[in-house]
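The next block holds one structure in the form of C-alpha cells; read it before the comments.
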Amino acid sequence: MTIVSGKTEVRQRLQPGWSGMLRKIWDHRADYAYVVPAIAVMLIVIAYPIYYTIELSFFNTPPGLQLRDKIFVGFDNYTAILTSEVFWKVTWNTLVWTFVSTFFSFVLGFAAALALHRDFIGRGVLRAILIIPWVISAVAASYIWKWIYHSDFGIIGAILVEFGLADRPPNFIDSVGTVLPSLIVVNIWREFPFAMIMMMAGLQTVPDQLLRAAKVDGANAWQRFWHVTFPHLRNVSTVTILLLAVANFNSFIIPWIMTGGGPSNASHIWITHIYELAFGRQRWGVASAYSVLLFLILMTLGYFYVRALSGNERKDDSA
Amino acid sequence: MVRITLGGAVLRGTVSTALMASLISAPALGAPPVDLSKWSPEYVRSIAGTQDFDTAADCAKVTPLDYKGRLTFWYQGVFEGDPDLLRQYYKDFFATFRKTYPNIQLEDQALTYNDLLDKFRTALLGNAAPMAVRLQILGGTEFASKGYLQPLKPEDVGYSTEDFWPGAMKAVSWDGVTYGIPTNNETMAFIWNADIFKRAGLDPDKAPATWDDVVKYSKQIHDKLGIAGYGLVARKNAGNTPYRFMPQLWAYGGGVFDEATANPTYKKIELDSPQSKAALQASYDMYVRDKSVPVSALTNQQADNQPLFLAGQLGMMISHPSDYNVMLDLQKKATGSDKDKAQTVIDNMRYGLIPTGPDGKRAVVFGGSNIHILKPEYVEGGKVDEPAAKAIICMWTSPEWSLKMAYAGSNPGNLNGFKTKWMKERLDNIKFLDVTTSMLPYGIPFPALPQSPEIMNIIVPDMLQNALTGAMTVDQAADDAAKKVKDLMGGGL
C-alpha cells in the first residue's frame with residue numbers, strides 16, 4: 001500500500017498533466033528504480049519476442065531459405081491458416097481439450113477439496129497422495145501413461161484381457177477416435193490436484209459462524225453449500241478455472257510426448273501444431289501467425305483473470 | 001545362423017543395374033581403396049585386416065598434435081535403441097581424442113536422432129551453433145543449401161573423395177560443392193524369429209522373398225499364434241519410419257520422386273503412382289485388414305519393437321545388425337524365466353536380405369551420418385577453430401574410428417575401414433554383419449533436397465497414418481501426400 005502525504009496530494013492537484021505525472025514519478029523514483037531491472041528483463045524476453053513473432057507472421061519462410069531471406073506475404077499466412085482444414089481440426093481439438101480438461105479438473109478438484117475439508121483420520125496422508133500427480137514431472141508422467149495405455153502391452157489392456165472383459169487390449173492412443181479423450185484423462189489426472197489445492201485454500205476463508213448460523217436456521221447440507229459456501233468460493237473458482245484454461249490452451253508436454261499430435265493429427269492441439277510447423281517444418285511465418293492468434297485468445301483470458309483478481313481486491317477493500 | 005547364400009544373393013539381386021552403377025561408380029580421379037564392383041561378403045572378408053593405419057600420425061598432418069585451441073561439437077550420438085558396445089566406443093573415441101590432442105578444449109554434446117535437427121535449427125537461428133556437427137544423412141543438404149556450412153571435402157582432412165561411398169558423397173553435396181564428409185553408412189536387413197516361423201508353419205530358415213510374402217507371413221503368424229507378425233513402424237517425426245517404409249515403397253517401384261533411379265532429377269512426384277499406392281496398400285493390409293502388426297505401430301519407434309521381439313511377441317522386423325547386440329543387452333537385464341525366454345528368442349534370431357517388390361526390385365535406405373563445419377557467423381562467439389574442427393573430423397572419419405564408431409550397427413564411411421584389423425575382428429564378433437554389408441549395393445539415398453527432412457519425417461508418416469487410421473483411403477492418403485510434396489516444392493506456405 002502506498003502512503004502519500006497530504007502535501008504531495010495537494011501538489012498533484014495543482015500540477016495536472018505531464019508535469020504532475022513527472023513529479024509523481026520523481027517522488028516515487030526509488031520504487032521505479034526497484035522495478036527497472038524486472039521491466040528490462042521483461043522487455044528483452046517478452047516484448048521483443050512478441051514483436052518479432054508478429055513481424056514474422058507476415059513472412060513466408062520456405063525450408064530452403066534462411067530466416068533472414070524471408071519473403072513478405074502480408075496477411076497470406078493468416079488467410080492460409082483460416083482457410084486450411086487442419087486449422088479447424090486443430091482448433092476443435094484445442095477447444096475440446098481445453099474445455100473438457102478444465103471442467104473435469106475443476107469439478108474433481110473441488111470435490112476432492114470438499115471431501116478433504118472434513119476432519120477424518122488419514123486426511124493428511126490422503127491429501128499428500130492426491131497431490132502426487134501434480135508434483136511429478138509431466139514428462140515422466142507422459143511416458144508412464146504411454147505404457148499404461150500401450151495398445152499391445154498396456155497394463156489396462158492386460159487387466160481387461162486377463163479378467164475376460166475384452167478379447168484384445170483396447171486401442172487408446174493409436175486410434176483417431178479415442179486418442180484425444182485418452183490424453184484428456186491424463187491431463188485431468190495431472191491437473192485436478194491444482195484445483196483441489198486452490199479450492200481447499202478457498203474453503204478456509206468460508207466463515208464458520210455463517211455455516212453454524214445456517215445450520216441453526218434449519219438449512220440442510222446442500223443448502224449450506226449452495227447458499228453459504230459456494231458464494232464465498234466464486235472468486236477463487238473463477239481464478240482457478242481461468243488458470244486451468246490458460247494452462248490447457250498452452251499444453252504441450254502430454255500430447256507431444258505421448259502421441260506427437262498423431263495419429264493422423266487427431267491429437268494435435270494448437271501448441272503442438274505450432275511446434276511442428278516451426279521446428280519440424282520450418283514454417284516460421286505460419287507458426288508465428290498461429291502464435292499471434294493464440295496470443296490474442298490468451299490475452300482475452302488474461303483480461304478476465306485480471307478482472308477476477310481485481311474483483312477480489314475490491315471486495316477485500318470494501319470488507 | 002544365416003541360411004542364405006549371401007554372395008549369390010547379392011549377384012542375383014535384381015536391383016537395377018543403373019542403381020548399382022550409381023552407388024558403386026567412382027566419380028572422380030583415382031582408384032577407390034576397395035574394388036566396389038567386386039562387393040560381396042566374401043570380398044569384404046578377403047580385404048579385412050590387410051592394412052594398418054596410424055590415425056594419430058595421419059591426423060597430425062592435418063592438425064599438429066600439440067595444437068592449442070577450442071572446439072564446440074554436437075553429434076548424433078547413441079540412444080536407447082543402441083547396444084552398450086557402441087556406447088563404449090563413443091566413450092573411447094572422445095577419450096582418445098582428448099589424449100591425442102590434449103591442448104584442444106573440446107566441448108562436445110550428444111543429441112539423439114529425433115532431437116538433433118530441431119535443436120540444431122534453433123541454434124542456427126540464434127547464431128549459436130557449434131563449430132562442427134555430425135548430422136544424420138538427411139540433414140546435410142538442408143543446411144548446405146541454406147548456406148550455413150563451410151565447403152569441406154575429404155581432401156581437407158587428409159583423405160581422398162574416392163575413400164568414401166560415391167552415394168554418400170552425393171548426400172553431402174549441393175550445387176556441385178561438397179560440404180561434409182560421411183562418417184558411416186548403413187543399410188539395414190530383415191530380421192525374423194525362426195521359432196515363431198516354425199510354430200506358424202513357415203520355413204524357419206527362409207526370409208520372406210517379397211513384400212507380398214511379408215504381408216502373407218505376418219497374417220499367418222498372427223492368425224496361428226495370436227502375436228504380431230511384422231514390426232511396422234509409422235510414428236511421425238521419428239527417423240525409424242522412413243527407414244522402414246521407404247524400402248517397401250521403392251521395392252514396389254514407387255518413390256517420393258525418382259530417387260530410386262540412377263540419375264535422379266527430383267522433378268516428378270511419384271507418391272501418388274500406382275506402385276506407391278501398392279506399397280501403401282501392403283501396409284494397410286497388414287494393419288487394418290489383417291491386424292497382423294502391433295496396434296501401437298502409429299506411436300511406436302523401433303526401440304519399442306525390440307522388447308516385443310525379445311519377448312517372442314513379434315515375428316519379423318527391419319533393423320541393424322546391432323539389434324542382435326541390443327537383444328543380448330536386454331536379455332542380461334531380464335530376470336527369472338524371462339531370461340530363458342529371451343535366450344530362446346536370441347538363439348532363433350535370423351537375418352536376411354530385405355524382401356523384393358513384385359518385379360524383383362530390392363531396396364534399402366542408404367543411411368548414415370556426415371560431419372560438417374559451420375560458417376563462423378552462425379557459431380556462438382562468431383569464430384570457428386578450423387584446425388581443431390579438422391582434427392576431430394580427421395579422427396572420426398579415419399579408417400580406424402569410422403569403423404569403430406559403426407562397429408555394431410553400421411559400416412565405416414571411410415572405405416579403408418574395411419581393410420583394418422578391427423573389421424576382421426568385427427566380422428568374427430558381430431553376428432549377421434555379412435547380411436547388412438550385402439545390402440549396401442541396394443542402398444538408395446534419400447533425395448538430396450533441403451525439403452527431404454519434412455518429406456521423410458512428416459509427410460510420409462502422415463500418409464501412412466492417414467491410411468492406417470482410416471482417416472483417408474489408401475488412394476486419398478497417397479494423393480494427399482503427393483499434393484503436400486508438390487506444395488512444399490513449390491514454396492507454398
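The values are calculated or read from the model by the stated rules, or taken from the named source; none is laboratory data. Since the structure is predicted, the reported quantities are computational estimates derived from the model, not experimental observations. So basically every Cβ, Gly included, is an ideal-geometry build from the backbone, and we count neighbours across all protein chains shown. The accessibility values were calculated without ligands, DNA or RNA, using every heavy atom of the protein model including side chains. Shrake-Rupley method; radii C 1.70, N 1.55, O 1.52, S 1.80 Å.
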Check your understanding: Under the Kirkwood approximation for Rh and a Cα-based Rg, what ratio Rg/Rh is obtained for segment B:385-493?
Key -> 1.17
Practice item. Considering Cα pairs under 8 angstrom that are at least six residues apart, work out the relative contact order of chain A and quote it in whole percent. Key: 25 percent
Practice item. For segment A:62-138, build the charge dipole from Cβ charges (+1 Lys, Arg; -1 Asp, Glu) around the Cα centre, then report which of A:Gly122, A:Ile136, A:Asn77 sits farthest towards its positive end. Key: A:Gly122
**Study point:** Spherically averaged projected area in nm², based on the convex hull that wraps the Cα atoms of segment A:196-270
**Key:** 6.7 nm²
Exercise for review: List the residues of segment B:247-296 whose accessible area drops by at least 50 Å² when all protein chains are present, compared with their chain alone, using a 1.4 Å probe and counting only protein heavy atoms.
Suggested key: B:Val295
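Estimate the FRET efficiency between A:Asp167 and B:Ser46 by the formula 1/(1 + (r/R0)^6), using the beta-carbon distance for r and 51 Å for R0, to the nearest 0.05.
0.40
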Study note, to complete from the structure: Taking Cα atoms only, helix B:211-225 is inclined relative to the longest principal axis of chain B by an angle, in degrees rounded to 10, of 60 degrees
Exercise for review: Go from 0 up to the bin containing the longest alpha carbon distance in chain B, width 20 Å each, and give me the % of pairs per bin.
Suggested key: 24, 58, 17, 0
Revision key, fill the gap. Given 20 °C, 1.002 mPa s and a Kirkwood radius over Cα pairs, the Stokes-Einstein diffusion coefficient of segment B:22-170 in µm²/s is 119 µm²/s
**Study point:** Kirkwood hydrodynamic radius over Cα pairs of segment B:343-404, then Stokes diffusion coefficient at 25 °C and 0.890 mPa s, in µm²/s
**Key:** 150 µm²/s
**Study point:** For segment B:217-244, residues shielded by at least 40 square angstrom of accessible area compared with the chain on its own, probe 1.4 Å
**Key:** B:Arg235, B:Lys236, B:Asn237
Review point. Given B:Ile373, B:Pro274, B:Leu117, which one lies farthest toward the positive end of the charge dipole of chain B, if we put +1 on the Cβ of every Lys and Arg and -1 on the Cβ of every Asp and Glu?
Key: B:Pro274
Exercise for review: Determine which lysines satisfy two conditions relative to A:Lys24: a Cα distance under 26 Å, and not lying fewer than 8 residues away in the same chain.
Suggested key: A:Lys7
Check your understanding: Per residue in segment A:151-194, which ones lose no less than 50 Å² of accessible surface when going from chain alone to all protein chains (1.4 Å probe)?
Key -> A:Asp152, A:Phe153, A:Arg168, A:Asp174
Review point. Using Cα pairs under 8 angstrom and six or more residues apart, how large is the relative contact order of segment B:209-275, in percent?
Key: 19 percent
**Study point:** Spatially proximal lysines relative to B:Lys170 (Cα-Cα < 16 Å; intrachain offsets below 8 disregarded)
**Key:** B:Lys153
Review point. Using the Cβ atoms and a cut-off under 12 Å, what net charge is assigned to the surroundings of B:Lys375, where Lys and Arg are +1 and Asp and Glu are -1?
Key: 0
Review point. For chain B, what is the relative contact order in percent, using Cα pairs closer than 8 Å and at least 6 residues apart in sequence?
Key: 28 percent
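Rounded to two decimals, what ratio of Rg to Rh does the protein assembly as shown give with C-alpha atoms and a Kirkwood Rh?
Ratio of gyration radius to Kirkwood radius for the protein assembly as shown: 1.04.
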**Study point:** Point-charge dipole on Cβ atoms (K/R +1, D/E -1) for segment B:35-132, about Cα centre, debye to 20
**Key:** 300 debye
Point to revise | Sum of -39500 (n - 2.57) over DSSP H runs of 4+, divided by residues of chain B (222 nm, nearest 500) | key: -12000 deg cm²/dmol
Revision key, fill the gap. In whole percents, the bins of 10 Å from zero upward hold the Cα-Cα pairs of segment B:214-304 as 18, 42, 30, 9, 1
Check your understanding: Using helices alone, what [θ] at 222 nm do you get for chain A, with -39,500 (n - 2.57) per DSSP H run of 4 or more residues, divided over all residues and rounded to the nearest 500?
Key -> -22500 deg cm²/dmol
Study note, to complete from the structure: Toy charge model, Lys and Arg Cβ at +1, Asp and Glu Cβ at -1: chain B dipole around Cα centroid in debye, rounded to 20, equals 440 debye
Review point. Per residue, how much accessible area does the protein assembly as shown show when a 1.4 Å probe rolls over the protein heavy atoms, in square angstrom?
Key: 43 Å²
Review point. Counting Lys and Arg as +1 and Asp and Glu as -1, what is the net charge of the other residues whose Cβ lies under 14 Å from the Cβ of A:Asp167?
Key: 0
Revision key, fill the gap. Within 10 Å of the Cβ of an average residue in B:451-457, the count of other chain Cβ atoms is 3
Check your understanding: Across peptide B:303-314, how many C-beta atoms of other chains are within 10 Å of each residue C-beta, on average?
Key -> 1
Check your understanding: Could you give the nm distance between label points at A:Ile159 and A:Gln66, where each point is 7 Å from its Cα heading toward the beta carbon?
Key -> 5.6 nm
Review point. With charges set only on the Cβ (+1 for Lys and Arg, -1 for Asp and Glu), what does the dipole of the protein assembly as shown come to about its Cα centre, in debye to the nearest 20?
Key: 1660 debye
Point to revise | For the pair B and A, total buried accessible area rounded to nearest 100 Å², probe 1.4 Å | key: 3200 Å²
Practice item. Could you tell me the convex hull volume per residue, in Å³, taken over the Cα atoms of segment B:171-239? Key: 155 Å³
Review point. Under the definition of partner shielding as Cβ atoms of other protein chains within 10 Å of a residue Cβ, what is the mean value for peptide A:60-71?
Key: 5
**Study point:** Debye intensity ratio in log₁₀ form over the Cα atoms of segment B:133-227, taken at each q of 0.14, 0.22, 0.23 Å⁻¹
**Key:** -0.63, -1.01, -1.10
Exercise for review: Could you sort A:210-219, B:136-145, A:226-235, B:178-187 so that the peptide with the highest average Cβ count within 10 Å comes first and the rest follow in order?
Suggested key: B:178-187, B:136-145, A:226-235, A:210-219
Review point. For segment B:390-448, what is one quarter of the convex hull surface built on the Cα atoms, given in nm²?
Key: 4.8 nm²
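Let me know the Kirkwood hydrodynamic radius for segment A:56-207, please, with Cα pairs as the basis and the value in Å to one decimal. Before the final figure, lay out the partial values.
Values: mean 1/r = 0.0520 Å⁻¹.
Hydrodynamic radius (Kirkwood, Cα only) of segment A:56-207 equals 19.2 Å.
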Exercise for review: Could you pull out every one of the lysines with an alpha carbon less than 16 Å from that of B:Lys216, ignoring same-chain neighbours closer than 8 positions?
Suggested key: B:Lys198, B:Lys206, B:Lys224, B:Lys291
Check your understanding: Which value, in Å³ per residue, describes the convex hull spanned by the Cα atoms of chain A?
Key -> 228 Å³
Review point. Of the heavy-atom accessible surface of the protein assembly as shown (probe 1.4 angstrom), what whole percent is carbon and sulfur?
Key: 60 percent
Practice item. Give the residue from B:Thr397, B:Leu427, B:Gly491 lying farthest towards the positive end of the charge dipole for segment B:377-493; charges sit on Cβ (+1 for Lys and Arg, -1 for Asp and Glu) and the dipole is referred to the Cα centre. Key: B:Leu427
